[in-house]
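Below you'll find the structure, written out as structure tokens, and then a few comments.
Just so you know, all these numbers are worked out from the coordinates, no wet-lab data involved. None of the values given here were measured: they were computed from a predicted structure. Positions of Cβ are backbone-derived with ideal geometry, glycine not excepted, and every protein chain shown enters the neighbour counts.
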């Protein structure tokens with residue numbers, strides 16, 4: 001059995017998904033969960049891309065990069081300024097890694113880098129040497145390897161190993177490869193790079209043709225020892241190889257791959273939900289492993305088979321990935337102890353303060369529903385964990401709307417014990433509600449996205465609202481849940497406003513400490 005190392009790049013490549021944006025605290029929250037998931041390497045960001053990304057990588061290196069924790073990695077082009085900036089961020093980790101890269105395909109060398117192949121080779125060698133002089137653990141990637149001349153690819157890889165690289169990564173940067181094609185590249189590299197066995201061989205596949213997971217697994221069969229992937233498969237364009245799919249494929253088909261990972265699979269579902277919540281990117285219902293329908297059976301024949309023996313139509317136990325399967329008959333008479341016990345079964349170990357918050361919200365839901373399901377509890381637990389300091393709390397709201405009536409909303413918020421009330425009209429009930437909140441808080445935000453979805457089924461289902469707003473260049477996600485979608489919408493928007501105020505408070509602290517202000521730069525093209 002070969003061990004396959006899991007390199008998670010959710011916080012770097014995953015965050016480059018259109019619409020996904022995380023601040024340092026949100027990145028830290030995900031990194032801590034990735035450590036609980038027991039990934040081997042966390043690529044925490046691209047430190048030179050912005051001061052905020054640098055701070056996030058440094059924070060994760062300090063908080064998560066413990067001796068018993070994962071390797072903390074930062075990305076850098078082969079430019080000296082990139083590599084030095086990366087080291088300044090990751091050096092706080094007990095096990096730091098510098099991941100540096102340069103493109104090797106003809107189209108990238110000629111059109112993007114506008115250098116000769118000899119110059120690119122020299123850049124790779126100098127970059128790896130500098131990185132190795134700073135850090136013992138250096139990964140080198142050949143960007144767009146799947147479209148590179150194989151002879152030149154091997155030449156660059158061999159030179160990078162001689163310069164001190166300890167991991168070599170072969171990326172399919174644009175998702176061009178097919179499984180047999182990508183497997184043949186790995187075979188060729190292993191055969192024609194004489195010093196390849198001195199390093200760990202890694203792959204990083206994109207999903208433009210929907211083949212990222214298949215390509216990664218094909219590479220593992222050919223001897224790749226590390227696979228780079230993201231939670232929920234998020235990432236540039238069509239995304240990356242999905243961590244949960246690769247890990248469970250290796251676990252379920254261990255007989256075929258003869259390989260394993262050290263990932264704690266029971267944390268997969270919780271990690272998926274956390275990443276979805278913080279990025280604002282929903283998980284499609286038919287998504288393998290973590291989608292809402294992944295373990296659902298609607299066909300009568302299938303239901304009959306599963307009732308007789310789950311293995312008739314399930315190739316894995318849902319609980320192996322932390323997916324709740326049972327309906328929970330808790331109601332308004334249930335106490336805190338029962339609630340805590342069920343939450344712990346679902347993987348949520350809440351302190352007393354958060355438990356009390358969830359319990360109060362649980363009672364609100366239980367008064368409106370006959371049954372409270374596991375999915376409801378997960379939504380409530382995640383909502384409590386998503387909380388930031390509540391500068392404003394929702395006291396009450398009232399909306400009036402109709403085909404012949406201008407939509408109007410009256411809202412009362414409380415802050416530090418003082419009540420504030422206002423009203424506004426809008427294009428609809430939610431628009432009026434948000435305008436009334438704006439009038440009270442006087443926080444100028446631009447609404448970028450608004451979505452409502454059902455957490456469970458039925459007329460009394462919990463609804464979850466997700467909003468994405470922009471304020472002063474920062475993109476912030478807010479979430480709220482309720483059996484009333486209008487109330488969920490109000491809570492989500494207010495959660496986003498409170499997050500904006502929280503970030504402003506953090507920014508003020510930075511200035512008071514003499515630190516550089518956070519800003520967002522133009523994105524830099526990366527692997």
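Length gain on complete extension for the stretch residue 68 to residue 308, per 0.36 nm per residue less the alpha carbon to alpha carbon distance? Please report the intermediate quantities before stating the final value.
Details: separation 240, 0.36 × 240 = 86.40 nm, distance 4.32 nm.
Extra length available between residue 68 and residue 308 comes to 82.1 nm.
Going by the alpha-carbon gyration tensor, a ≥ b ≥ c the square roots of its eigenvalues, is region 393-512 rounded (a/c under 1.5) or, if a/c is not under 1.5, prolate (a/b greater than b/c) versus oblate?
Values: a/c = 1.82, a/b = 1.40, b/c = 1.30.
Verdict is prolate for region 393-512.
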Separation of region 3-51 and region 378-441 by C-alpha centroid, Å? 33
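How large is the direction-averaged shadow of the alpha-carbon convex hull of region 1-131, in nm²? Working shown, then result.
Working: hull surface 37.7 nm².
Directional mean of the projected Cα hull area for region 1-131 stands at 9.4 nm².
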Test of understanding: express the Cα radius of gyration of region 2-279 as a ratio to 2.2 N^0.38 Å, with N the residue count. 0.91
Could you list 462, 1, 123, 248 in order of exposure, starting from the residue whose Cβ has the fewest other Cβ atoms within 10 Å? 1, 123, 248, 462
Treating only the Cα positions of the chain as identical point scatterers, give the base-10 log of I(q)/I(0) from the Debye formula at each q in 0.06, 0.08 Å⁻¹. -0.32, -0.56
Using the per-residue mean of other Cβ atoms lying within 10 Å as a proxy for protection, in what order, highest first, do the peptides 349-358, 174-183 fall? 174-183, 349-358
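For an R0 of 45 angstrom, estimate the FRET efficiency from the Cβ-Cβ distance between residue 180 and residue 32 and round to the nearest 0.05. Spell out each step's value before the answer.
Details: r = 39 Å, r/R0 = 0.87.
So, using R0 = 45 Å, E works out to roughly 0.70.
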Take every DSSP beta bridge whose two residues both sit in the chain, then give the antiparallel share in percent to the nearest 5. 50
For 425, 135, 205, which order do you get if you count the other beta carbons within 10 Å of each Cβ and list the fewest first? 425, 135, 205
Cα gyration tensor of region 324-385 diagonalised, 5x eigenvalues square-rooted, in angstrom largest first, produces semi-axes 15, 13, 10
Provide the descending list of Cα extents for region 163-263 along its principal axes, expressed in whole angstroms. 35, 31, 25
By per-residue mean of other Cβ atoms within 10 Å, what is the highest-first order of 437-444, 71-78? 71-78, 437-444
Taking just the alpha carbons, could you work out the radius of gyration and Dmax for region 16-65, both in angstroms? 10.6, 28
